[in-house]
1. Taking strands (runs of 3 or more DSSP E) that fall entirely within region 549-664, which contain at least 2 residues that are farther than 25 Å from Ala455 by Cβ and in contact (Cβ under 8 Å) with a residue 12 or more places away in the chain?
2. Is it fair to say Glu284 is modelled with pLDDT under 95 and of a type in the set (Asp, Glu)?
3. List every residue pair whose Cβ atoms sit under 6 Å apart, with the two residues 6 or more apart in sequence or on different chains, where the first one lies in region 85-110 and is in a helix (DSSP H, G or I) and the second, anywhere, is polar (S, T, N, Q).
4. Looking only at region 188-207, filter to residues that are farther than 12 Å from Leu230 by Cα and of a type in the set (A, V, I, L, M); which one of those is modelled with the highest pLDDT?
5. Please list, ordered by first then second residue, the pairs with beta carbon atoms under 7 Å, 6 or more apart or interchain, first in region 490-506 and not assigned by TED's automatic domain parsing to the domain that holds Ala594, second surrounded by fewer than 18 Cβ atoms within 10 Å (Cβ to Cβ).
6. Is there a residue being crowded, with 21+ Cβ neighbours inside 10 Å and within 27 Å of Ala276 (Cα to Cα) anywhere in region 348-369?
7. So Glu448 ticks every box in (1) over 26 Å from the mean Cα position of the chain (by Cα); (2) surrounded by 15 or more Cβ atoms within 10 Å (Cβ to Cβ); (3) without any contact (Cβ under 8 Å) to a residue 40 or more places away in the chain but one. Which box is left unticked?
8. Report yes if Asp454 is over 21 Å from Leu62 (Cβ atoms), modelled with pLDDT under 95, among the charged types (D, E, K, R) and part of a loop (DSSP other than H, G, I, E, B), otherwise no.
Amino acid sequence: MRRAGPTRRTTLSLVLLGACGLPSDVPDEGDDTAPPADEVAEPLVPGVPLRRLTRAEIERSLEALYGLDLDLRTRLPDDDLVEGLDNQASGLTVPELLLEQLDRLALELAREATARVARPTDVQRVEVEDVPPATGVAVELPSAEGTWWLLWGRAAPVELTVQAPADGTYALRVPAFSTWGPGVAQADLELRVDGVTQGVRTARGSQEAPDHVTWPLALTAGSHAVSLRLRNGSLSSGVAEDGSSVELGEVGVGLDAVELRGPLAADEGAPGALRARLVPCDPEEPRAQVACAEQVLADLAPRAWRRPVTSPEVQALVRLVEAAMDGGATWDDGLATALHALVLSPHFLFRVERGEGPVDAGTRALTPHELATRLSYLLWAEPPDAALRACADAGALVLPEGDCGLAAQVDRLLADARATALVERFGRPWLDVADPARAQPATDAFLEALLLGDAPLEAVVTGEGMDAAVADPSRPGGALALPEVLRATSEGDRTSVVARGVLVAARLLCDPPDPPPREVPMLEPGDNALAALDAHRANPACASCHQGFDPYGEALEAYGPDGQVRTAYADGAPVPARATLPDGSEVAGAEGLADWLAANPALRACVTSQVGRYAWGVPLGEAGGLLHALQVEGRDRGGSMADLLRAVALHPAFRRLRVAGEAP
């Protein structure tokens, strides 16, 4: 909780590398193995700006790093959608809320990664609310986690008694936070035991993610008087939103409880399950602690940053451990500080691509690890696994053949169960059925067969080549006949000809309509969707727009709002058996529309464009002949969606980066 005052400002430079003292340069992986340009001047290589990870990619990347099963849908904000997809560079901004929530999440995971399992008899916890300050200057703050005390200015100290069961070494830990929040003003907390000062510790956390301020103590058996006092309760200055200096007022500190752990064995308790996986050493001596931190960070940093790291980068992280220990933190807490910084680094949050080798036709080859990252996020929506990293380490990924060659790795990734991420990350957003609350297994089964099977690309509208259990031959229309898609393009108990028509026009033909003018009236409700639409289209201004997409929706009217086949509306009027499409073609219902779409070259061109913008994160319109080349290559490889994905991943343009300021 913070006092009323200037809004907390979290800047990218503060939260990311600038605050951590880490080097910002990406190490050169070597220029000697850079592949040739492979005649990629035409078609052009798309210009891909620096992109951050999407929320889903952050989730999968943290899962891969820590070996945990996470669900961050309620922990991190939604990403902006650009034509249905959330991985487009133009929508991947870096809002302050994302940085703040990632900061808290990274700290929680870092603490879990370094946690020990304390013996039940080793921990004595005294809640602060059970021993209020001697005077009434503290403020009681109830919360979901219990009651906190907020100490302001020259408040009397919190005084309590703890029991040491035996002579030995103990750790006194206090969950605490600064009332001005992290990065604004710190709170300095002084501990005295039996009247003797044990030192001052700094609290910078928030109530949601408090710091665990710790003092090591040597105690004899018996009772000991503990006193906690705020040392810097005076006025503190800060920076307002306009950049001017302001007085923040009194700094306060929130206290939750006092935990006395001990007497401690040499290992301070058994490692937690996550720590046991990530931290193979448990040092006692300072020199061994530095070596252990270096070992852990040298292992985790390349996985977190998806590339080799240099010795100076590892040492910069180790220095964070040492700095924390110099400030009185334990080695465990120091390592947590470094792990926290590891995830807040732009090398984790962003897909950094600099390329290597000479510039040719305005482009440069990606490094092997940049290529591995592109490939794994395309097909798995997560960072490279150990096998792909090993191929990149060996420099073999850029080679056309061999087990570590690009073609073999593309096939391996597509055959792996993790490739089903394409269903959630591409297939569902593409068809505008990305709401997990309404997801149906039949849709996932259809999309998995379409994206990873051998059926032709046109099966998206025909179901051709798919098992009857996935694409019911009695329901023509392919994906357009899926109950979930039909419900998503309906309004309650009435179908929406407009929504279904726009889905076909925008997602399958890449011809989305312009937004309607503000003055256009809404459709009148009614049981008969076509009757209501006819009344709407009586306005010439409306008719001129609707004629470009409504006919596609009219052809699907035999499917009701619940996805069931029907022959009449609720008012008894018959569902039309035929529809006249924008080009003048007359089709017989969903089956006729499916046949027309399958024979229309615009379908393959549009689907190729959709896959391409998912792969590169930008539209391919500016990339010259790349779109046409991918269509031809995908068809020549077999014509399936999986063949199209192979064509994208194996195209020379996928292996290269357009260089800023260089004209292609």
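1. Numbers: elements: 578-580, 586-588, 656-658.
Once the strands (runs of 3 or more DSSP E) in region 549-664 are filtered for at least 2 residues that are farther than 25 Å from Ala455 by Cβ and in contact (Cβ under 8 Å) with a residue 12 or more places away in the chain, what remains is 578-580, 656-658.
2. Details: modelled with pLDDT under 95: yes; of a type in the set (Asp, Glu): yes.
When the stated conditions are applied, Glu284 passes them.
3. Hits for this filter: Glu96/Thr10; Leu99/Thr10; Glu100/Thr10.
4. Among them, the one singled out is Val193.
5. none
6. yes
7. Against the list (1) over 26 Å from the mean Cα position of the chain (by Cα); (2) surrounded by 15 or more Cβ atoms within 10 Å (Cβ to Cβ); (3) without any contact (Cβ under 8 Å) to a residue 40 or more places away in the chain, Glu448 comes up short only on (1).
8. Values: over 21 Å from Leu62 (Cβ atoms): yes; modelled with pLDDT under 95: no; among the charged types (D, E, K, R): yes; part of a loop (DSSP other than H, G, I, E, B): yes.
No; evaluated as a whole, the condition is false for this residue.
The values are calculated or read from the model by the stated rules, or taken from the named source; none is laboratory data. Predicted model only: the values in this text are computed from it and were never measured. Don't worry about glycine lacking a Cβ; one is built from the backbone with ideal geometry, like all the others, and counts go over all protein chains shown. Note: areas computed on protein heavy atoms with side chains; ligands, DNA, RNA excluded. Shrake-Rupley method; radii C 1.70, N 1.55, O 1.52, S 1.80 Å.
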